[in-house]
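Structure first, commentary second.
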Amino acid sequence: MPGIGWLLWIWIAGIHSQVIKLEGSAQGTTWHVMYTDARQRNFQAVIVHALEDIDQCLSHYRPDSELSLFNKTGSWQYQLPYFYPVLQKSAEVYAATNGAFDPTVMPLTEAYRQGKRTHAPWWQKADSLLQYVGFTNIAFDEVQVHQLKAQVRLDFDGIAQGYSVDVIARLLEQQGVTDYMVEIGGEVRCKGLKNGAPWTIAIDYPLATNDRPIKVSMYNKSATTAGNYRDYYQQQGKTFAHIVNPKTGFSTPTDLLSVTVFADDAITADAYDTAFMVMGLAATQQFLARRKDLDACLIYRDANGKLVVYMTPGLKQFVN
């Protein structure tokens, strides 16, 4: 989930000189890639080109992107190989979360952004906009995607950055790289080792506290973070968070302050961190109890206002 990446950072102390470190800017944020390569090859140009292509396909901020053109026309035949995999994963997580993750939330997120910018009471439109939300209102296959209902539009903000991490990771693997870390806007995927030891990430607390970051050893895993505690605004006594509930149309913050999800790939973690912020603490804990392929660190306030950290049992063994 973009916009919260500073919560989750890479512990790079002690990295030796043979680790190649690349960085740049893309998708409105920064990216960092570290890897070992016996041939000391530099993949900067390849990475930059791939990120530009993904942006050309999946960014709703670009009026000429494939996503924007689909949103305008209601039908699109894919030109780049990125649209279909994101639709596939979206359909999977939409079904698994009973619609808590839904990229057709675009009409609502657009209204939220306009309300934040103009201070207009956007929530008054929520009920009428809900008719255009629902992933079952689109149809797609390996070649093309179509609206099944007029004015249904897609917003991949909750999944595209994680997918971008996976694309870069696969590019490295295709070049024979077996030890790497890829990070875009705080979304991370790690494989192999760093100087003989596991890659380590640190989860910061979402509010200013004296607590030390939570360090987690990464064994061929991905991690992404979402939160509602920073990107929000208040108007007429109401608080509106940037993650909109696609089932209710509203963006009232839940009891969760932040969610960090661990999965085999970053696209999966990214989609679920968005869904869990919508679902709230109790529903997320119940969901995770059924899904042993996912781990998570949930940070929330209890009834007394105390900051509490919940970790799935599978995650605890990797905390340093």
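The values are calculated or read from the model by the stated rules, or taken from the named source; none is laboratory data. Note that the structure is predicted; figures quoted are calculated from it, not measured. Please note: Cβ atoms are built from the backbone with ideal geometry, for glycine as well, and neighbour counts cover all protein chains shown.
Remarks
- Test: residue in region 200-214 that is at pLDDT 70 or above and among the basic types (Lys, Arg): yes
- When 196, 162 are checked against the criterion of being within 17 Å of residue 273 (Cα to Cα), of a type in the set (Gly, Ala, Ser) and out of contact with any Leu (no Cβ under 8 Å at 6 or more places or on another chain), 162 stands alone in meeting it.
- Considering region 25-63, the residues that are small (Gly, Ala, Ser) and assigned to a helix (DSSP H, G or I) include one that is farthest from the chain's Cα centre (by Cα), namely 45.
- Within this structure, residue 149 fails the test of being among the basic types (Lys, Arg) and in contact with a strand residue (DSSP E or B) (Cβ under 7 Å, 6 or more places away or on another chain).
- For region 272-290, residues that are surrounded by fewer than 15 Cβ atoms within 10 Å (Cβ to Cβ) and either basic (Lys, Arg) or modelled with pLDDT under 95 (or both) total 1.
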